[in-house]
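Below is one structure; the comments refer to it alone.
Here, each number is a calculation from the coordinates, and none is a lab measurement. Only a predicted model underlies this, so the values are computations on that prediction, with no experimental measurement involved. With ideal geometry, Cβ positions are generated from the backbone for all residues, glycine too; neighbour counts draw on all protein chains shown.
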Amino acid sequence: MSDEEPLETENPSLEYAATKRRIIIMLFGYSAIMGVIYCFLPSESPLDYVITLPILVMAISWCLTDARERDLKLGRLWRLFLIFFFFIAFPIYLFRTRGIGGLFTLIGTIVIFVGMMICSFAFGIATLYVGMVLGLWRFA
């Protein structure tokens, strides 16, 4: 046995879990970045939709990774449904793939979403505070 032979003991489900975990970490990281960006944008800008687009892309990539892990093939219609109607398609996808266990994943998703909102808010407040200390913003 030579040292150059690759070991085939890797567990593919661990690889999928690591990928999904990285996507969730990236979602939190991008939420922090959004908290900073929103401090520099005018209120109710059309850029709000453009800035939130990466969150949709990461959420859809999580679904596609999960489908590969479960050996499901999502057709074009499902992918389009996920893109244009994510808030409807995502719970349907979870219940379709997990049955009643999809409820627990959906609750976990809501917890992650609330965490992302808190992260974005905290970084926004921190950015406003630093900007106020540096004299970038003046509050009455």
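Table for the structure above
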| item | result |
| --- | --- |
| Helical contribution to [θ] at 222 nm, DSSP H n ≥ 4, -39,500 (n - 2.57), averaged over the chain, rounded to 500 | -25500 deg cm²/dmol |
| Value of relative contact order over the chain, rounded to a whole percent, pairs C-alpha under 8 Å and six or more apart | 37 |
| Helix axis angle, 86-98 relative to the chain longest principal axis, alpha carbon, degrees | 30 |
| Anisotropy class of the stretch 82-140 from Cα gyration tensor, a/c 1.5 cut | prolate |
| Assigned charges on the beta-carbon of Lys, Arg, Asp, Glu; the chain dipole about Cα centre (debye) | 700 |
| Overall form of the stretch 19-83 per C-alpha gyration tensor (a/c, 1.5; a/b vs b/c) | oblate |
| Whole-number D in µm² s⁻¹ for the chain, Kirkwood Cα-pair radius fed into Stokes-Einstein, 37 °C, 0.692 mPa s | 186 |
| Cβ-placed point charges (K, R +1; D, E -1), dipole of the stretch 42-100 about Cα centre in debye, nearest 20 | 400 |
